[in-house]
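Visitor: Dropping the structure in here first, questions after.
Derivation of every value follows stated rules applied to the coordinates shown; laboratory data play no part. On a predicted model such as this, the values are computed, not experimentally measured, just so you know. Cβ sites come from the backbone with ideal geometry, for glycine too, and all protein chains shown count toward neighbours.
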Amino acid sequence: MIPLPSGTRIWLVAGVTDMLKSFNGLGELVQHALDENPFSGHLFIFRGPKGDTVKILWTDADGLCLFTKRLEEGQFIWPAVREGKIAITRTQLGILLDKLDWRQPKTARFNSLTML
């Protein structure tokens, strides 16, 4: 995972997005549909219609970045709401990208016997 500056927000963009969109198209969605600045330094995560692809739009100090992940099997877990944005944590982002349910992360419980 890329190191994110303190204060960086991570936004899931609700609904589905046309994965043919690139920098400009996704930036327009951030600006007009979400009323956010795509150059704010925050991460904006979009999911494709099949659910197997996400794109992350992010601006760092050097310019606009676009990251894509496509799953060979399965789908990314996505919120049921169809519009707007949902804030998630860095931990939830990692869980999401691992194709797990980021909405209810479970903590592993260990006792001294399981460590042996």
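Visitor: Just going by the charge dipole of the chain, with Lys and Arg at +1 and Asp and Glu at -1 on Cβ, which of 74, 104, 53 is farthest out on the positive end?
Guide: The residue sitting farthest along the positive end of the dipole is 104.
Visitor: Simple spin-label model, 7 Å along Cα-to-Cβ: residue 24 to residue 70 in nm?
Guide: Between residue 24 and residue 70, the label points sit 2.3 nm apart.
Visitor: What FRET efficiency comes out for the pair residue 77/residue 37, r = Cβ-Cβ distance, R0 = 30 Å, nearest 0.05?
Guide: Result of the calculation: an efficiency of 0.65.
Visitor: Next question, about the same structure. Pairs of alpha-carbon atoms within less than 8 angstrom and 6+ residues apart define the contacts here; what relative contact order does the chain have, in percent?
Guide: It comes to 27 percent, rounded to a whole number.
Visitor: Grab the beta carbon distance between residue 86 and residue 62, set R0 = 35 Å, and tell me the FRET efficiency rounded to 0.05.
Guide: Rounded to the nearest 0.05, the efficiency is 0.80.
Visitor: About the Cα centre of the chain, what is the dipole size in debye to 20, counting +1 per Lys and Arg Cβ and -1 per Asp and Glu Cβ, all else neutral?
Guide: 400
Visitor: Here are several values of semi-axes √(5λ) of the Cα gyration tensor in Å: [x] 18, 17, 12; [y] 28, 17, 13; [z] 20, 16, 14. Which one was derived from the coordinates shown?
Guide: From the options [x] 18, 17, 12; [y] 28, 17, 13; [z] 20, 16, 14, the structure gives [y].
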